[in-house]
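Q: Before I ask anything, let me first share the structure, which is written out below as structure tokens.
The values are calculated or read from the model by the stated rules, or taken from the named source; none is laboratory data. Because the structure is predicted, anything quoted here is derived from the model rather than measured. FYI the Cβ positions are ideal-geometry reconstructions off the backbone, even for glycines, and counts take in every protein chain you see. Surface accessibility is based on the protein's heavy atoms, side chains included, excluding ligands, DNA and RNA. Shrake-Rupley method; radii C 1.70, N 1.55, O 1.52, S 1.80 Å.
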Amino acid sequence: ADLYRHLVHGWVYEDRYAWPHKRRICSENDAHALHLIFSGLQRATGKRIYELFKTQLLLSVLSRQSGDGGFRHGEWTENMESHYRLHCSAMHLMMDALSEEDDPPVRAALARGMAFIAGKHDTTEAGAWFYHDELESSEAGMRRAPFKWWAGTALGKSPQNMLVLNTQLDTLVALERYARLTADTQYVVLVESGYQAA
């Protein structure tokens, strides 16, 4: 029953009202978590209903992908900015699905998603550092954020880069897993640079 507290009109939403605007936002984190739960239940029980739920979640995520490969959330602004940890969860859900069965449309959506996230980084003295969200790609974007931030250039980073470690690691793991799953190695140098920076 919890699935339908999240799955509303074909999209997966958080089952809470997000700060600061007190609205429900689409969440690929929740979609991936539910997909993992149903994978476990499917293995434990052998019931086909869980396979159907997993397909419904996958289709929900695929239907939300933008033409540029990204996922938009609008948690913090009216501009529907992308939050990259949620984006990475969409990639992991697609990779979980591809691990079970090859599906050309899923493979193509995954490639678009990886190309999108691979471009969302800053070049620092230590190496590539992935942004936490779309606002962080510019100082003007950060001025629209709902919190106070301080510009800085530590490690030769761009002033708006907040050096958020969890998103750095999430993105690196997703890109590395993608290379292993698909044998597409175009991001290997970027991943190595990102691990060096981390």
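Q: For a quick check of understanding: with a 1.4 angstrom probe and all protein chains in place, what accessible area in square angstrom does Val188 have, to the nearest ten?
A: Accessible surface of Val188 is approximately 60 Å².
Q: Just check the stretch 1-109 against the gyration tensor rule for me: Cα atoms, a ≥ b ≥ c as the square roots of the eigenvalues, rounded for a/c under 1.5, and otherwise prolate or oblate depending on whether a/b exceeds b/c.
A: oblate
Q: For a quick check of understanding: with a 1.4 angstrom probe and all protein chains in place, what accessible area in square angstrom does Asp30 have, to the nearest ten?
A: Accessible surface of Asp30 is approximately 40 Å².
Q: Show the residues, 5+ positions off or on another chain, whose built amide H is closer than 5 Å to the amide H of Arg23.
A: Here Ala18 satisfy the definition.
Q: Within the stretch 1-98, which GluC sites (Glu not before Pro) sit in a loop by DSSP and count at most 10 neighbouring Cβ atoms inside 10 Å?
A: Glu78
Q: While we're on this one: Along its three principal axes, how long is the stretch 89-137 when you only count alpha carbons? Whole Å, largest extent first please.
A: The principal-axis extents, from largest down, are 40, 21, 15 Å.
Q: Could you calculate, for the stretch 87-176, the ratio of the Cα radius of gyration to the Kirkwood radius, expressed as Rg to Rh?
A: 1.06
Q: Students often get this wrong, so try it: which of (1) 0.99; (2) 0.96; (3) 1.13 is Rg/Rh (Cα atoms, Kirkwood Rh) as calculated from the structure shown?
A: Recomputing Rg/Rh (Cα atoms, Kirkwood Rh) here picks out (1).
Q: Further question on the same structure: In square angstrom, what is the accessible area per residue of the chain with a 1.4 angstrom probe?
A: 50
Q: Ordering Thr123, Thr167 by how much accessible area each has at a 1.4 Å probe, largest first, what is the list?
A: Order by accessible area, largest first: Thr123, Thr167.
Q: Please list, or write none, the lysines whose alpha carbon is within less than 18 Å of the alpha carbon of Lys157, excluding same-chain residues fewer than 8 places away.
A: Within reach: Lys120.
Q: Using a probe of 1.4 angstrom, how much of the accessible area of the stretch 26-91 is carbon and sulfur, in percent?
A: Using a 1.4 Å probe with all protein chains present, the stretch 26-91 comes out at 56 percent carbon and sulfur.
Q: At a 1.4 Å probe radius, which order do Trp19, Trp11 fall into by accessible area, largest first?
A: Largest accessible area first, the residues go Trp19, Trp11.
Q: If you don't mind, another one. Could you please state, rounded to a whole Å, how far the C-alpha centre of the stretch 139-178 is from the C-alpha centre of the stretch 6-78?
A: Using only Cα atoms to place each centre, the spacing works out to 24 Å.
Q: Would you work out if the stretch 54-135 is rounded, prolate or oblate? Take a ≥ b ≥ c from the square roots of the eigenvalues of the alpha-carbon gyration tensor; rounded if a/c is under 1.5, else prolate when a/b is larger than b/c, oblate otherwise.
A: It comes out oblate by the Cα gyration axes.
Q: Of the accessible area of the stretch 124-198, with the probe set at 1.4 angstrom, what percent is carbon plus sulfur?
A: After summing per-atom areas, the C and S share lands at 55 percent.
Q: Tell me which residues come under 5 Å, amide H to amide H, from Glu75 once H is placed; ignore anything under 5 positions away on its chain.
A: Close amide H contacts, sequence-distant or interchain: Glu81.
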